[in-house]
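The values are calculated or read from the model by the stated rules, or taken from the named source; none is laboratory data. Because the structure is predicted, anything quoted here is derived from the model rather than measured. Here Cβ is always computed from backbone atoms with ideal geometry, including for glycine, and neighbour counts include all displayed protein chains. Side chains included, ligands, DNA and RNA excluded: accessible areas come from the protein's heavy atoms. Shrake-Rupley method; radii C 1.70, N 1.55, O 1.52, S 1.80 Å.
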Amino acid sequence: DGITRVLCIGNSFTVDAVEDYLSPICRSVGKKVIIGYPYKGGTTLEQHMGYINSSTAIYNYRKIDEEGTHTAQASTIFDVSLKDEYWDYVVIQTDHNYSGVYEHYFPYLTDLMNYVKTNGKNSSPKFFLYMTWAYDASSTYKDFPLYNNDQLTMYNAIIDCAFRAAEQAGIETVVPAGT
């Protein structure tokens with residue numbers, strides 16, 4: 001039908017990327033795209049798997065259709081978004097606080113990918129890993145000490161983790177928002 005379907009799994013950073021950039025850019029070049037994203041702010045990969053495994057109705061499932069119309073369903077389980085469309089692409093992003101801490105990626109990243117392949121309408125979507133960015137140098141985020149309160153340390157950790165995690169999970173494309 002000429003429409004590309006993209007499921008974005010992440011948190012508020014994902015919402016920003018989808019609503020502010022991906023959808024408008026696609027529409028501006030005439031690309032028909034449907035974007036779905038189960039939203040729960042601050043969610044890590046581990047938390048996503050916990051919500052999925054317990055069928056917790058914690059997500060606000062947001063969707064932008066090919067015309068740019070936004071819809072939302074409150075208090076849904078993950079499977080509502082997963083089974084809504086035949087997703088061609090699945091973009092995964094972990095919480096920015098831990099995006100430079102490698103142990104926070106596994107086994108959750110591959111568990112999430114396997115869940116999507118096993119339970120979605122498309123058993124072989126193309127996966128992307130969305131790389132977040134480092135905190136501002138003057139950040140007061142509670143988790144900045146994980147990076148010695150240093151922006152460059154966090155930046156380098158995020159780049160290292162994103163590319164290593166993508167390789168380990170068999171994801172060919174990292175969306176380099178962090179750089």
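Among the residues in segment 25-32, are any without any contact (Cβ under 8 Å) to a residue 24 or more places away in the chain, more than 16 Å from Ile9 (Cα to Cα) and open to solvent by less than 50 Å² (accessible area, probe 1.4 Å)? Checked segment 25-32: at least one residue is without any contact (Cβ under 8 Å) to a residue 24 or more places away in the chain, more than 16 Å from Ile9 (Cα to Cα) and open to solvent by less than 50 Å² (accessible area, probe 1.4 Å). Of the numbered conditions (1) open to solvent by 10 Å² or more (accessible area, probe 1.4 Å); (2) touching a strand residue (DSSP E or B) at 6+ places or on another chain (Cβ under 8 Å); (3) among the polar types (S, T, N, Q), Ser81 satisfies every one except a single condition; which is it? Tallying (1) open to solvent by 10 Å² or more (accessible area, probe 1.4 Å); (2) touching a strand residue (DSSP E or B) at 6+ places or on another chain (Cβ under 8 Å); (3) among the polar types (S, T, N, Q), Ser81 fails exactly one: (1). Checking segment 104-121 against the condition returns no match, with no residue being more than 20 Å from Thr173 (Cα to Cα), part of a helix (DSSP H, G or I) and among the acidic types (Asp, Glu).
Looking only at segment 125-143, residues that are touching a helix residue (DSSP H, G or I) at 6+ places or on another chain (Cβ under 8 Å), closer than 11 Å to Pro176 by Cβ, open to solvent by less than 80 Å² (accessible area, probe 1.4 Å) and not β-branched (Val, Ile, Thr) come to 3 in all. Listed by first and then second residue, the pairs with beta-carbon distance under 7 Å, at least 6 apart or on different chains, first residue in segment 80-98 and more than 15 Å from Tyr61 (Cα to Cα), second open to solvent by 10 Å² or more (accessible area, probe 1.4 Å) and among the acidic types (Asp, Glu), are Asn97/Asp143. Taken over segment 48-78, residues that are touching a residue at least 12 places away in the same chain (Cβ under 8 Å), open to solvent by 40 Å² or more (accessible area, probe 1.4 Å), out of contact with any strand residue (DSSP E or B) (no Cβ under 6 Å at 6 or more places or on another chain) and not aliphatic (A, V, I, L, M) amount to 4. Of all the residues in segment 24-43, those that are closer than 10 Å to Arg62 by Cα and either assigned to a helix (DSSP H, G or I) or modelled with pLDDT of 95 or more (or both) number 4. For first residues located in segment 148-160 and on the phi > 0 side of the Ramachandran plot and at pLDDT 95 or above, partners that are assigned to a helix (DSSP H, G or I) and not aliphatic (A, V, I, L, M) and lie 6+ apart or on another chain with Cβ distances below 7 Å do not occur. Against the list (1) more than 14 Å from Gln93 (Cβ to Cβ); (2) open to solvent by 60 Å² or more (accessible area, probe 1.4 Å); (3) under 18 Å from the mean Cα position of the chain (by Cα); (4) modelled with pLDDT of 95 or more, the condition Asp20 fails is (4). The single residue among Leu146, Leu112 that is within 21 Å of Gly42 (Cα to Cα) and open to solvent by less than 40 Å² (accessible area, probe 1.4 Å) turns out to be Leu112. For first residues located in segment 1-21 and more than 20 Å from Ile58 (Cβ to Cβ), partners that are assigned to a helix (DSSP H, G or I) and lie 6+ apart or on another chain with Cβ distances below 8 Å form the pairs Thr4/Cys26; Val6/Leu22. Considering segment 67-89, and only residues there that are charged (D, E, K, R) and outside any helix (DSSP H, G or I), the residue that is farthest from the chain's Cα centre (by Cα) turns out to be Glu67.
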